[in-house]
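Accompanying notes for the structure given below.
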Amino acid sequence: MKMKKLPNILLTGTPGVGKTTLGKELAERTGLTYVNIGDLAKEGELYDGFDEEYQCPILDEDRVVDELEDKMGEGGVIVDYHGCDLFPERWFHIVFVLSTENGQLYSRLESRGYSGKKLQDNVQCEIFQTIYEEAMEAYREEIVHQLPSNTPEDLERNLDQIVQWTEQWVKDNN
């Protein structure tokens, strides 16, 4: 029996916009495989040093791509990461950039222990829509979609929309 083709989805946006919450619930509802790049890097120690200024490990992007290549080729993967231009364009059928109002994002990041430059830079990244612009440059414009991620209602609406898109993609591609 032929395996059903399934889409690959990228969830991206500034840290704190709700990618992980959305991604895990989306995997639950669609049966797709959820991959959090931060967790993948931690498990495989896919680092290339430590950033003293931001107090965090530096991702070894080449090793991350190598690690995911086979899985992405099979399809049916939801990737969650705050950057997007490290991934090959061919991997994704659709890209969702989540965005959150600045005051709310500030509170979310503060509650995660972000402070000083790290907090300010991430909020500025959201203000200037850096990740959205990065996505528009890295992928075909027609597959990049920006979604609000401020309230539980936004989460439900986003879930419903992406589940519907996924079901339609499966129908159209099998």
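The values are calculated or read from the model by the stated rules, or taken from the named source; none is laboratory data. Keep in mind it's a predicted model, so treat the numbers as computed, not measured. Neighbour counts run over all protein chains shown; Cβ positions are idealised from the backbone, glycine included. Surface accessibility is based on the protein's heavy atoms, side chains included, excluding ligands, DNA and RNA. Shrake-Rupley method; radii C 1.70, N 1.55, O 1.52, S 1.80 Å.
Some points to look at:
- Among residues of region 110-134 that are modelled with pLDDT of 95 or more, those with a Cβ under 6 angstrom from a residue that is exposed (fewer than 15 other Cβ atoms within 10 Å of the Cβ), sequence gap 6+ or separate chain, pair up as GLU134/ASP85.
- Within region 78-97, tally of residues that are open to solvent by less than 40 Å² (accessible area, probe 1.4 Å) and touching a helix residue (DSSP H, G or I) at 6+ places or on another chain (Cβ under 6 Å): 9
- Highlighted here are the strands (runs of 3 or more DSSP E) found entirely within region 1-65 that include at least 1 residues which are on the phi > 0 side of the Ramachandran plot and open to solvent by 20 Å² or more (accessible area, probe 1.4 Å): 47-51.
- Failed item, numbered, when ASP60 is tested on (1) within 23 Å of THR166 (Cβ to Cβ); (2) in contact with a helix residue (DSSP H, G or I) (Cβ under 8 Å, 6 or more places away or on another chain): (1)
- Hey, ASN102 over 16 Å from the mean Cα position of the chain (by Cα), under 28 Å from VAL123 (Cα atoms) and either among the basic types (Lys, Arg) or open to solvent by 20 Å² or more (accessible area, probe 1.4 Å) (or both) or not: yes
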